[in-house]
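**Q** Just passing along the structure, written as structure tokens.
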Amino acid sequence: MEKVWQQIASNLLIVLFAIGATASIHAETPATPAALPSSLAPPVAAVSTFSVAKFAPPSTETALASINKEDAATSQRYRKRNWLRQKIVSDRDLEKYRLVLDENWHKAPANKHVAILIHGFNSTPAKNDGLLVPIRAAGIPCGTFAYPNDYTLPSSALLLSRELKQFAKDHPNRNVALVCHSTGGLVARACLENPQLDPGNVDRLIMIAPPTHGSQLARFACGTDLWEHWLSRKSGWPWTRVHDSIVDGLGEASNELCPDSEFLCELNARSRNPRVRYTILLGDDACMSDAELSWIREKVCEKLLHMPGIDGRAEKLEAVLADIDELVDGKGDGVVSIKRGRLEGVNDTIVMPFGHLSVGADPEDKKLADLYQLVLSRLE
């Protein structure tokens, strides 16, 4: 049975790599796109896309000049995808991406931090809500921040900045602690480690399994939307599923999560925010041994050599699989490797026995009790 699962895994990697290899990972070339068929036209009038102009308050226009330049470059890189979003995504679609506080959060003592949960890639606040159960039980006021989980991370950081700045304006005496899972930690850092975006009211940042230096699995992310909107989803008409997939992004985030991406290189070159106390919690409960991964790597590369049109991509995949500690037990959590999760300047980094996808899913999971308790200790 073990060999059967290894064979399935190797065949899946071949399919994903073959698909991903044909996708453009460079700047998209200019093109005049054809109009969408009328049968696919959404029943909306106003359309928009995430941009600096949409999320930046007028008072920060000058301060955000450099971000405007960066956003323009990002828009150029993804211009075909943005064209599709502009045709389909409405302002109403974007209303769900915001900061939401628990109903009676303001009744908690003013000296307690407000803990804001930031979810990860291809996730939602609801999928990670288990993280907040013990925090709420301790009497700490909570909230969640939702962002388009597959769109560009700088745009999501800009939205986070806007929401936190508004919170600081409305509640100037409240400090905020960000509790982030996976990519949520990168969104938080992109906000807090940019002086132009830093809201000034966050003094604690707890990152669980952050892909600080990316994840090799991001190179195989072409099937994640298929899983999120079609395989794991229980309801929704076909057009609704296609529409929702476009609303939350068209793979821009997965490009930015690849190791050595332009986004990650720029982010990791920044200094830590001196007003923020950082904590990083990394998991080592992955699903394979070194021997199992070696067997899969050998079989995948062997089969790719006989596939037409692959050319020299077999060597590229072999190099990726030779450095995919994300999947190795004791070296990663199944998505993020320990070595790629560490961040220079963060001494409060702890490795624990948990898997990436189990975090926040079940608040009663005894295997995660120590993790939840550690998060709570950093908030009190």
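**Q** Which number in (1) within 18 Å of the chain's Cα centre (by Cα); (2) within 30 Å of residue 275 (Cα to Cα); (3) in a loop (DSSP other than H, G, I, E, B) marks the one condition that residue 361 misses?
**A** Condition (2) is where residue 361 drops out.
Condition check ((1) part of a helix (DSSP H, G or I); (2) at pLDDT 90 or above) across all residues:
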| residue | (1), (2) |
| --- | --- |
| 86 | yes, no |
| 106 | yes, yes |
| 112 | no, yes |
| 131 | yes, yes |
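**Q** Right, next: Those residues that are touching a Ser or Thr at 6+ places or on another chain (Cβ under 8 Å) and without any contact (Cβ under 8 Å) to a residue 60 or more places away in the chain, I need them from the range 88-122; list them, please.
**A** 90, 91, 100
**Q** Something else about it: Looking only at the range 170-212, count every residue that is among the charged types (D, E, K, R) and surrounded by 24 or more Cβ atoms within 10 Å (Cβ to Cβ) and tell me the total.
**A** 1
**Q** Moving on. Hey, can you tell me all the residues within the range 329-351 that are of a type in the set (Lys, Arg) and within 14 Å of residue 289 (Cα to Cα)?
**A** Scanning the range 329-351 gives a single hit, 331.
**Q** Restricting attention to the range 332-363, which residues are in contact (Cβ under 8 Å) with a residue 60 or more places away in the chain and either loosely packed, with under 14 Cβ neighbours inside 10 Å or over 29 Å from residue 320 (Cβ atoms) (or both)?
**A** Hits for the range 332-363 are 344, 345, 348, 350, 362, 363.
**Q** Go over the candidates 168, 157 one by one and state the one that is in a helix (DSSP H, G or I) and within 14 Å of the chain's Cα centre (by Cα).
**A** 157
The values are calculated or read from the model by the stated rules, or taken from the named source; none is laboratory data. From a predicted model like this one, the values you see are computed outputs, not experimental measurements. No Cβ is skipped: glycine too gets one built from the backbone with ideal geometry, and neighbour counts run over all protein chains shown.
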